[in-house]
Amino acid sequence: MIRRSALIAMAFVAAATPAMAEKIAPAAKAFPYLEKFLKVPAAERSRLRLGYVLTREGKPLSNLKAALVETNGTRTPLPVDGSGGFERLPTLAQLEAGARLSLDLPEDAKVGTVMNFSTQLKPATDYEVGELAATVNQAGAVIGKVAGPAALLAPKMTGVTFTKAQSGVVVFADGRTQPLPAMQDTPYFRPDDFKGAVRVKLTKSPIKVGFYAKKK
């Protein structure tokens, strides 16, 4: 009876193992374009941030245990926040060395990552137009380098958005002001629409400053 119970237990463990196996994928594949982005000199992408959100069936996977596994077996945790976003990303050296992404999920789980291109601008109520325009211009230059021949298909960043800032105005050098256009409670600023502007002032500090990728 003891031997038979042990055999049954061993069979159960063997059957359960595949379902509990970690999901492994090449980091370069899990984080598309990250390697090319990191190869752009740091000074040329200093105003930008590239992030990734882990998804399953189109929905973010939050607070999942993830790690980067290097070729020598070293494991580095890659925390995933409550919105499914990676709080840390692989370095260029790790990507080039063939590191892999490990997820605490069944091996056959179908997951993906969504790339998120954003600004390094901090939430505030007052911005210099020169800083905003420089951010937009840098985004266009970096996307061109990273996307290569596919740049024509990539979104064109024409301005910045101020999420949940409610409203705002553009201030010109002579003191004139003009209301910012807005999408619901998210005003946005396109440098080409406000020639001669010097500052952007918002009703309240936004929760984040992103890119406006739509045409006029």
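The values are calculated or read from the model by the stated rules, or taken from the named source; none is laboratory data. Since the model is a prediction, treat every value here as computed from it, not as a measurement. Neighbour counts are summed over all protein chains in view; Cβ atoms, including those assigned to glycine, are modelled from backbone coordinates with ideal geometry. Surface areas here come from the heavy atoms of the whole protein model, side chains and all, with no ligands, DNA or RNA. Shrake-Rupley method; radii C 1.70, N 1.55, O 1.52, S 1.80 Å.
Taking a ≥ b ≥ c as the square roots of the eigenvalues of the Cα gyration tensor, segment 46-107 is classed as oblate, since a/c reaches at least 1.5 and a/b does not exceed b/c. Helical runs (DSSP H, four residues minimum) scored at -39500 (n - 2.57) apiece and divided by the length of the chain put the mean residue ellipticity at 222 nm at -7500 deg cm²/dmol. Here the chain is assigned +1 on the Cβ of each Lys and Arg and -1 on the Cβ of each Asp and Glu. Its dipole about the Cα centre then comes out at about 260 debye. To the nearest ten degrees, helix 2-20 and the longest principal axis of the Cα atoms of the chain are 20 degrees apart.
For Gly51, the residues 5 or more places off, or on other chains, whose built amide H falls under 5 Å of its own are Asn116, Phe117, Ser118. Within a straight-line Cα-Cα reach of under 19 Å, Lys110 can be paired with the following aspartates and glutamates, leaving aside sequence neighbours fewer than 8 residues apart in one chain: Glu22, Glu57. Rounded if a/c is under 1.5, else prolate if a/b is larger than b/c, else oblate: which is segment 150-196, with a ≥ b ≥ c the root eigenvalues of its Cα gyration tensor? Because a/c hits 1.5 or more and a/b fails to exceed b/c, segment 150-196 counts as oblate.
If I compute solvent accessible area with a 1.4 Å probe over the protein chains, what percent of it on the chain is carbon and sulfur? Carbon and sulfur: 57 percent of the exposed surface of the chain. Work out the P(r) tail for segment 33-181: percent of alpha carbon pairs separated by more than 23 Å, whole number. Here the long-distance tail beyond 23 Å is 51 percent of all Cα pairs in segment 33-181. Once the Cα-Cα distance is subtracted from the 0.36 nm per residue extended length, the Leu153 to Glu96 segment shows a gain of 17.9 nm.
For Asn137 and Ala182, the FRET efficiency from 1/(1 + (r/R0)^6), where r spans their Cβ atoms and R0 equals 25 Å, is about 0.65. Backbone phi angles across segment 116-127, fed through the Karplus curve with coefficients 6.51, -1.76 and 1.60 (θ = phi - 60°), yield HN-Hα couplings of 10, 9, 9, 9, 9, 5, 8, x, 7, 10, 9, 10 Hz in residue order; Gly and Pro are listed as x.
Note that the chain presents 60 Å² accessible area per residue, ligands and nucleic acids not counted, probe 1.4 Å. For Lys204, the lysines whose Cα comes closer than 20 Å to its Cα, not counting residues fewer than 8 places off in the same chain, are Lys122, Lys164.
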